[in-house]
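Notes to accompany the following structure.
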Amino acid sequence: MTVRLPDSLRVLERGWLSANNVLCIDHDQATLIDSGYVTHAEQTLALVRQALDGRQLTRLVNTHSHSDHIGGNAALKTAFDCEIVVPAGMQATIAEWDEAALLLSPLGQQAAVFRHDALIHAGDELELGGLNWRAIAVPGHDMDALAYYNPERRILISGDALWENGFGVVFPELLGTADGLAATRATLEELSRLAVDIVIPGHGAPFADAAGALQRAFGRLDHFSANIDKLAWHAIKVITTFALMERQPMPARDFAAFVASLPIVIDLNQRYLAIADDELSARLQHELLHAGAIRRVDNMLASR
């Protein structure tokens, strides 16, 4: 089903490694929500310039601090001198550029250093694309994440708190930094109380069936809550696929060493699964190939 958005909102739907970008147009100015992954920065700039069509990008707002959402911040700041606004919970992490807290070093990811100009708190209101939006705390995938909700047009910009078929990996639970599963449940319950006609997710196309997405998300959450090892294995597959996308193609013979080079994969395996190293890489390769997440051609592996 094609979703009709207000003319003042443009969704730049991105493929992995980048999150979607949402351009909110106000006459001759515009605000962008999220900026993609750092290695896609030139593509992000080109897409944004085309969508701006001569307008000035005056503001960049982030939903949360993960690399696929903040990776283009520095490039956009350089190109447009736009104000960068981040969720208040990100303040110290960004100011100190804590690569562990940003999950850059643990996940083997990268981002360009940037400095924020302003903060936004849960409950704050802001104008985007001629519409009034309220910032909503959506902890779980990221404990400091915010979503943005417009009650008049019943639109939710959900980041990674809600996708059409799930939500982002609940890293705080797996890393032992917070009760991420409980936080995710509270977030989904909060979102279920909103009147929503359109969801603009951090990944995938905008969609209209918020109720169906929430039902699927609650089911997924119940499954992970009852099987924490399943959450760990899911995270390992997601992290490995993301990392392979950045480094592809790769000789199949190097896959085991590649898996062993990802600190969080080794940590999650040791703490939750205890699979032998050679079995871990073999099982990962088999399941990712079977799922179609990666492909093998002439002894080379690459993502799809």
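What follows draws every value from the coordinates through simple rules; no lab data is involved. Everything numeric here is computed off the predicted structure, so don't read it as measured data. Using ideal geometry, Cβ is built from the backbone for each residue, glycine included, and neighbour counts are taken over all protein chains shown.
Structure notes:
- Computed over the range 179-253, the Cα gyration tensor eigenvalues convert (square root of 5λ each) into semi-axes of 29, 18, 9 Å, ordered from largest to smallest.
- Fewest-first ranking of 5, 32, using other Cβ atoms within 10 Å as the exposure measure: 5, 32
- Among 297, 48, the ranking by other beta carbons within 10 Å of each residue's beta carbon, starting with the fewest, stands as 297, 48.
- Residue among 206, 172, 263 with the largest mean-square fluctuation in a Gaussian network model of the chain, springs linking Cα atoms under 10 Å: 263
- Residue among 165, 73, 20 with the largest mean-square fluctuation in a Gaussian network model of the chain, springs linking Cα atoms under 10 Å: 165
- For the chain, the equivalent ellipsoid derived from the Cα gyration tensor has semi-axes of 31, 22, 18 Å, listed largest first.
- Candidates 164, 96, 127, ranked by Gaussian network fluctuation over the chain, Cα under 10 Å, top entry: 96
- Mean residue ellipticity, 222 nm, helices only, the chain: the sum of -39500 (n - 2.57) across DSSP H runs of n ≥ 4, divided by residue count and rounded to 500, is -11000 deg cm²/dmol.
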